[in-house]
1. Give the residues of segment A:127-144 that are under 16 Å from A:M91 (Cα atoms) and in a helix (DSSP H, G or I), sorted by residue number.
2. Which one of these does A:Q321 not meet: (1) within 29 Å of A:D194 (Cβ to Cβ); (2) in a strand (DSSP E or B)?
3. Taking into account only those residues within segment A:220-235 that are among the small types (G, A, S) and closer than 17 Å to A:Q321 by Cα, which is surrounded by the most Cβ atoms within 10 Å (Cβ to Cβ)?
4. Please go through segment A:75-86 and pick out each residue that is within 28 Å of A:A64 (Cβ to Cβ) and either out of contact with any Leu (no Cβ under 8 Å at 6 or more places or on another chain) or facing chain B (nearest Cβ under 8 Å) (or both).
5. If you check A:P153 against the conditions, is it within 14 Å of another protein chain (Cβ to nearest Cβ), in contact (Cβ under 8 Å) with a residue 12 or more places away in the chain and in contact with an Asp or Glu (Cβ under 7 Å, 6 or more places away or on another chain)?
6. I need the full set of residues from segment A:13-35 which are more than 9 Å from ligand 1 (Cβ to nearest atom) and either among the hydrophobic types (A, V, I, L, M, F, W, C) or within 14 Å of another protein chain (Cβ to nearest Cβ) (or both), in order please.
7. Among the listed residues B:L208, B:L216, which satisfies the condition of being buried (at least 20 other Cβ atoms within 10 Å of the Cβ), touching a residue at least 12 places away in the same chain (Cβ under 8 Å) and either more than 14 Å from chain A (Cβ to nearest Cβ) or of a type in the set (D, E, K, R) (or both)?
8. Report yes if A:G236 is at positive phi, away from chain B (no Cβ under 14 Å) and within 16 Å of ligand 1 (Cβ to nearest atom), otherwise no.
Amino acid sequence: MASITLENVGKVYPGGTRAIGDVNIDIADGEFIVLVGPSGCGKSTLLRMVAGLESITDGTVRIADRVVNEIEPADRDIAMVFQNYALYPHMSVRQNLEYGLKNRGTKRDEIDRRVAEAAGILQLEPYLDRKPRALSGGQRQRVAMGRAIVREPAAFLFDEPLSNLDAKLRVAMRLEIKELQKRLRTTSLYVTHDQLEAMTLADRLVVLNMGKVEQIGTPLEVYRRPASAFVAGFIGSPAMNLIPARAVPHLPGSAHAGLLGIRPEDMDITADGPIVLRINAVEELGAQRLVHGLVGGEAFTVTAPSDADLGEVLRLSVPTQALHRFDAESGKRLD
Amino acid sequence: MKRTIFRNQLLPWLLLAPQLAITFIFFIWPAAQAVWQSFLREDAFGMKSTFVGMANYWRLLDSPEYLNSLQVTAVFAVSVTILSMGFSLLLAVAVDRMIRSAQTYTTLLVWPYAVAPAVAGILWWFIFNPTIGILPYLLDQVGYNWNHISDKGDAMLLVVIASAWKQISYNFLFFVAGLQSIPASLREAAAIDGAGPVKRFFTITLPLISPTTFFLLVVNIVYAMFDTFAVIDSTTEGGPAQATNIMVYKVYFDGFVGQNLGSSGAQSVILMLIVIALTVIQFRWVEKKVEY
Ligand SMILES: Nc1ncnc2c1ncn2[C@@H]1O[C@H](COP(=O)(O)OP(=O)(O)O)[C@@H](O)[C@H]1O
Ligand SMILES: [Mg+2]
């Protein structure tokens, strides 16, 4: 187990693409950190720099207080779970699990013990002699996890490990990964573009945008006090409404010429609310409805009771503490 | 699929006729003739032939010359296959690395394919020619007297290298395609799993391209056994002292030069059987065994 520290880390790909700006992250021993951001924001690049699969062009990466910039992936004491699982197709599940241990000269009885243990935890015993192609997506995913576990590394690195699974399995595996990490207490760095997955898994979130860190914090902190308009729009589902302050002149703080953020679920429907919304689209959620309309000419979404209907006009009020203000230029939070 | 109905019963046959004629005239007819001839013996003047059953075959199996040719063919085919495949794989691995690190080089790949065969033919001739070749000169400098005209080993080496060289660009392309089909993440996973480049090559890369390798193995053996006639004919003509007289060359030599049609026929039948066997193995094996 180990801490991981990223200090002023940057990456410029050969060819000139700057994928990562100036990133600073401190990951405590045993912590589960999730890197989240839209596709192409540099999550994989950052993870692969920690793994040693991409060179580090700026800054330093430390694992267990050791600078690893120039250290081979094999010697960084990390294990990685790939998006496509990267199972060795010509080896049985058992051989897949053993490979990393054999390469390190682990003793036979120790290998057997660890493989048996991992297979037990992940319920892989019935499949040990199968080839990966004879497994379902979920089982393959488990083998990929197993390959990481048997190594008993200082840290786990995950690159979108669940994105090839169907929705139901994804939710189930999400829980399993969370429980497994709690149990093993291995420092973990997990990459996903799915904010819900990020929220449920993370001890702390790192929200990444265009190669830069927008915010680091616990899921609740990030949800309650997004540090920028980008984070506000990215974290939370349905997404936060972001409208120019001048579009809602009756709200407190609207004198300021910035952006106002209001979560769809944070509004009250009251007879004298200052915001007027004519419903022009409805999404059924079962217990509630998501209704869409225009406020001051901007798209706006509210969660409403299930009797709210098309064409109806809602009046909405916003509790002051539910109002987020952002600078129009930088997008930074203003308070 | 769309099915065309011909009213006229004759038309389909007419349309097929040219292809059928070619197959018949250039393949089935000569093959049948070879089989027929392999059972005949002509008298010394070529005036009449008599049916002798399997006698031509038994005689071949008793002939030291033919047994020598079998052995020469085996050595030749194995050497050509190993040399050309080994060298192509080496090139392919190097190129695969280059492509993975920079996509822009991909177009350069067409180069060896377009140029290699043409250059190869001329190149080896210049390299090995005993009087003006560069290699004999260099070997001479280090005290080795290269002469494939009189030295058996030199002659074999020459035809092996020349034949292998011609096959390299073909093998190379298949190997590159095979290597390219291995996802980068597999090698990365293996690297994290503590396997160095050499170990990765032998435990991950090589097993994963085994279908390609096996396919090429058969193709190269077939090539070395049957398609190297021109190389032998233009360099050693089977000599010196039968040292490079591979089976396919011997068929030609005994038949056309020696005018021993019965023996030549029997030899071609044996060659045909070998091709059929190799083809069967290829189909059976590639489909069943070499997979993961
Ligand atoms: N090998 C590479 N060479 C050049 N640019 C790359 C390479 N890999 C990724 N990039 C670029 O770096 C940026 C970040 O990519 P990536 O880390 O894969 O994003 P994410 O995983 O968040 O989707 C993208 O703009 C991508 O085009
Ligand atoms: Mg990615």
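1. A:Y127, A:P132, A:R133, A:A134, A:Q139, A:R140, A:Q141, A:R142, A:V143, A:A144
2. For A:Q321, the exception is condition (2).
3. Within segment A:220-235, the first condition is being among the small types (G, A, S), and the residues that meet it are A:227-229, A:232-233.
In the following step, the residues that additionally are closer than 17 Å to A:Q321 by Cα were identified as A:227-229, A:232.
Working: A:A227: 19, A:S228: 21, A:A229: 24, A:A232: 27.
Per the criteria, the residue is A:A232.
4. Taking segment A:75-86 and keeping what is within 28 Å of A:A64 (Cβ to Cβ), we get A:75-83, A:85-86.
Matches in segment A:75-86: A:D75, A:R76, A:D77, A:I78, A:A79, A:M80, A:F82, A:Q83, A:Y85, A:A86.
5. Numbers: within 14 Å of another protein chain (Cβ to nearest Cβ): yes; in contact (Cβ under 8 Å) with a residue 12 or more places away in the chain: yes; in contact with an Asp or Glu (Cβ under 7 Å, 6 or more places away or on another chain): yes.
It is true that A:P153 is within 14 Å of another protein chain (Cβ to nearest Cβ), in contact (Cβ under 8 Å) with a residue 12 or more places away in the chain and in contact with an Asp or Glu (Cβ under 7 Å, 6 or more places away or on another chain).
6. Taking segment A:13-35 as the starting set, the residues that turn out to be more than 9 Å from ligand 1 (Cβ to nearest atom) are A:21-34.
Scanning segment A:13-35 gives A:V23, A:I25, A:I27, A:A28, A:F32, A:I33, A:V34.
7. Values: B:L208 fails: either more than 14 Å from chain A (Cβ to nearest Cβ) or of a type in the set (D, E, K, R) (or both).
B:L216 is the lone residue from the list that is buried (at least 20 other Cβ atoms within 10 Å of the Cβ), touching a residue at least 12 places away in the same chain (Cβ under 8 Å) and either more than 14 Å from chain A (Cβ to nearest Cβ) or of a type in the set (D, E, K, R) (or both).
8. On the way: at positive phi: yes; away from chain B (no Cβ under 14 Å): yes; within 16 Å of ligand 1 (Cβ to nearest atom): no.
Against the criterion (at positive phi, away from chain B (no Cβ under 14 Å) and within 16 Å of ligand 1 (Cβ to nearest atom)), A:G236 does not qualify.
Read-outs: derived from the displayed coordinates by stated rules, not from any lab. Predicted, not measured: the structure shown is a model, and the values here were computed from it. In this analysis, Cβ positions are derived from the backbone assuming ideal geometry, glycine residues included, and neighbour counts consider all displayed protein chains.
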